[in-house]
Amino acid sequence: MDTDNGIPYRFEPTADAAGLHAAHGDLEPGAETGVEVTIAGRLMLRRDQGKLFFGVLQDATGRIQLFAPQKTTPDFDGFTGLHLGDWVGVTGEVIATRRGELSVRVGSWVRLAEARRPFPDKWHGITDTDTRYRQRYVDLWVTDEAREAFLLRSRAISLMRRWLEDRGFIEVETPVFHPIPGGALAMPFTTHHNALDLDLYLRIAPELYLKRLTVGGMERVFEVARVFRNEGVSTRHNPEFTMLELYQAYADYTDIMVLVEELVAHLAESLLGTTSLTYDGREIDLSVPWTRATLSELLAEHGGLEVDLDTPRPELVRLCEERDITVEDHYGPGKLILELYEKTTEPELWGPVFVTDYPKEVSPLSRDHRDRPGWVERFEGIVAGSELCNAFTELVDPDEQRERFAAQEAGRATGDSEAMAVDEDYLRALEYGLPPTGGLGIGVDRLIMLLTGTTAIRDVILFPTLRPEQERGVSGGPDA
RNA sequence: GCGCCUCUAGCUCAAUUUGGCAGAGCAUCGGACUCUUAAUCCGCAGGUUCUGGGUUCGAGUCCCAGGGGGCGCACCA
């Protein structure tokens, strides 16, 4: 075997911990199988009995005991000298010990990596959340829930892709660098391309590019998109996060509601075996269909406010100020009503519920409501008290879209720093014709939080955004 | 950005009403043990108590400033 400082260049396991438990989990105490396997993993526990050594090996699938008698183990002293955290490869017979523990009796072994740093307490693990996020490579070994949450995340996104592809959606990749930030109302990160001497923005949403593709004839298209918003960090916010966006030609927002509830119910059923979940101590039933209610209805029911777009502005302003909502000059009636909803009603919603029909003023990319002037066909899905998705019947009329952009520009001029900029190329695309289309954005991280029962977004993002460590030699960075 | 809480050995935690030699378990190191299950037992070693000031005969403890982290508010998905 080729080695360097005793460490081989490659290793070939023939079995894993979960597979051994599945195949031999019912052995009688003291049983020998005659089956020889090769396994590899990290030594997580060691119990030295003098002339007998027990170790617990953990691999990607689980844990299995190593059984090493002095008489039969090559370089027994070397083996018992292994440290917690060392990687080791072992070949030997599958047996059950006298106490009935399924084990591999060590016939030959090789150290695959040395753990030069001591592992955390084998019982308590790491409790300091900062250390867990900064040293995820350790957290994944010692925190079972963390490892399980990320495995579930991987399976959920895989299932999501398959489910969409089964319905004729194709996955695409659109630019992360945007010359004009668009598709959402948010503060972008800025950067610069030297050769082109061009200021660029990291995307806050892939929306406008995906709809260009619908113009281009991709009738059902989706992207699992990392997006970037220059906003605060909290238990529900990370500056970079993942959105599933999709666009379906010939569909309206009612079709998208059906798609969302079916997709989420499918994921829950497939991953958890049920659509009845408990999140943060409260029940949530994801079974289809979800409740639908208009924003106006909910505002009347929960906020006790019977207001509409023709309610006199001073009246709306008064209602806001009574509720400690900061009113800015550029707020129109639509924005004021949305503020009232977000202050009085949204915190009371647990869901799942589709909140439908938003004011046109705050929805520059949504199509006019077919029955309600001044409103648009848009909905948000509230699940477990959190905004899971945002969707609408897409605005397809280029003239109307130009007017909406112009209104946004006007808002920017009067102090709305997050107002959308005019995107002339997007308007040109619309002038080539966007068919009736339904669009959707789902916050993937929040969906995973729901499915894993975690209440901190950092528990579903492997490497969440953190301030760099100040310690010498760890902080990195070009100027460090 | 503002408010509240928090920071002690590699990890998990102690340290008496403002104060009196900074300790334990696990891990590491040395030793014992042929069926352990967080093995057990004996021993050694391990510290800028986040940093810097201050009060005091004396500060992990009290005060001030700064830093890291958590939670809440605000913005949002």
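The values are calculated or read from the model by the stated rules, or taken from the named source; none is laboratory data. Quick caveat: nothing in here was measured; it's all calculated off a predicted structure. Neighbour counts are summed over all protein chains in view; Cβ atoms, including those assigned to glycine, are modelled from backbone coordinates with ideal geometry. Quick note on the areas: whole protein, heavy atoms, side chains included, nothing else; ligands and nucleic acids left out. Shrake-Rupley method; radii C 1.70, N 1.55, O 1.52, S 1.80 Å.
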- Item | Computed E for residue A:163/residue A:117 - FRET, C-beta separation, R0 60 angstrom, nearest 0.05 | 0.90
- Query: Dividing the convex hull volume of the alpha carbon atoms of chain A by its residue count, what do you get in Å³ per residue?
  - Reply: 206 Å³
- Note on the structure: Env charge @ residue A:70, Cβ radius under 12 Å, K,R +1 / D,E -1, value -1
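By average Cβ neighbour count within 10 Å, what is the ranking of A:332-339, A:444-451 from highest down?
The most tightly packed comes first, giving A:444-451, A:332-339.
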- Fully extended, how many nm does the chain gain between residue A:324 and residue A:187 (0.36 nm per residue separation, minus their Cα-Cα distance)? 46.9 nm
- Which ³J(HN,Hα) values, rounded to whole Hz and listed in residue order, are derived for region A:314-330 from phi using the Karplus coefficients 6.51, -1.76 and 1.60 in 6.51 cos²θ - 1.76 cosθ + 1.60 with θ = phi - 60°, glycine and proline given as x? x, 5, 5, 4, 4, 4, 5, 5, 4, 9, 6, 8, 6, 9, 9, 4, 7
- Message: Output wanted: per-residue J couplings in Hz (rounded whole) for region A:405-410, from phi through Karplus 6.51 cos²θ - 1.76 cosθ + 1.60, θ = phi - 60°, x for Gly and Pro.
- Response: 4, 4, 5, 5, 4, 4
- Note on the structure: Excluding residues fewer than 8 positions from residue A:71 in its own chain, the lysines with Cα under 21 Å of it are A:51
- Those trypsin sites (Lys or Arg not before Pro) from region A:129-194 that are DSSP loop and have at most 15 other Cβ neighbours within 10 Å turn out to be A:167
- Taking only protein heavy atoms and a 1.4 Å probe, what accessible area per residue, in Å², does chain A have with all protein chains in place? 50 Å²
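Quick check: with the 1.4 Å probe, what order do A:329, A:357, A:310, A:368 take by accessible area, largest first?
Reading off the accessible areas and sorting them downward yields A:329, A:310, A:368, A:357.
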- Query: How big is the accessible area of residue A:192 in square angstrom, nearest 10, if you roll a 1.4 angstrom probe over the protein chains?
  - Reply: 80 Å²
- Note down, for region A:3-113, the three equivalent ellipsoid semi-axes (square root of 5 times each alpha carbon gyration tensor eigenvalue), biggest first, whole angstrom. 21, 16, 12
- For the pair residue A:397 and residue A:10, the simple spin-label estimate (label points 7 Å beyond Cα toward Cβ) gives in nm 6.4 nm
- Table column - 3J(HN,Hα) (Hz), region A:343-348, Karplus curve with 6.51, -1.76, 1.60, x for Gly and Pro: 7, 9, 10, 4, x, 8
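Subtracting the Cα-Cα distance from 0.36 nm times the residue separation, let me have the gained length for residue A:463 to residue A:176 in nm, one decimal.
Stretched out fully, the residue A:463 to residue A:176 stretch lengthens by 101.4 nm.
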- Hey, which lysines would be in cross-link range of residue A:335, C-alpha to C-alpha under 19 Å, not counting anything within fewer than 8 residues on its own chain? A:343, A:360
- Task: On the full set of protein chains, 1.4 Å probe, figure out the accessible area of residue A:346 and give it in Å² to the nearest 10.
- Result: 30 Å²
- Spacing of the two label points (7 Å from each Cα toward its C-beta) at residue A:226 and residue A:199, in nm: 2.5 nm
- Task: With runs of 4+ DSSP H residues as the only contributors, calculate the mean residue ellipticity of chain A at 222 nm using -39,500 (n - 2.57) per run, divided by the residue total and rounded to the nearest 500.
- Result: -9000 deg cm²/dmol
- Task: Would you grab the residues whose amide H sits under 5 Å from the one on residue A:366? Only those 5+ places off in sequence or on another chain, please, with H modelled 1.01 Å from N.
- Result: A:395
- Item | Protection-proxy order for peptides A:454-461, A:108-115, A:123-130, A:240-247, each taking the mean of Cβ atoms within 10 Å per residue, highest first | A:240-247, A:454-461, A:108-115, A:123-130
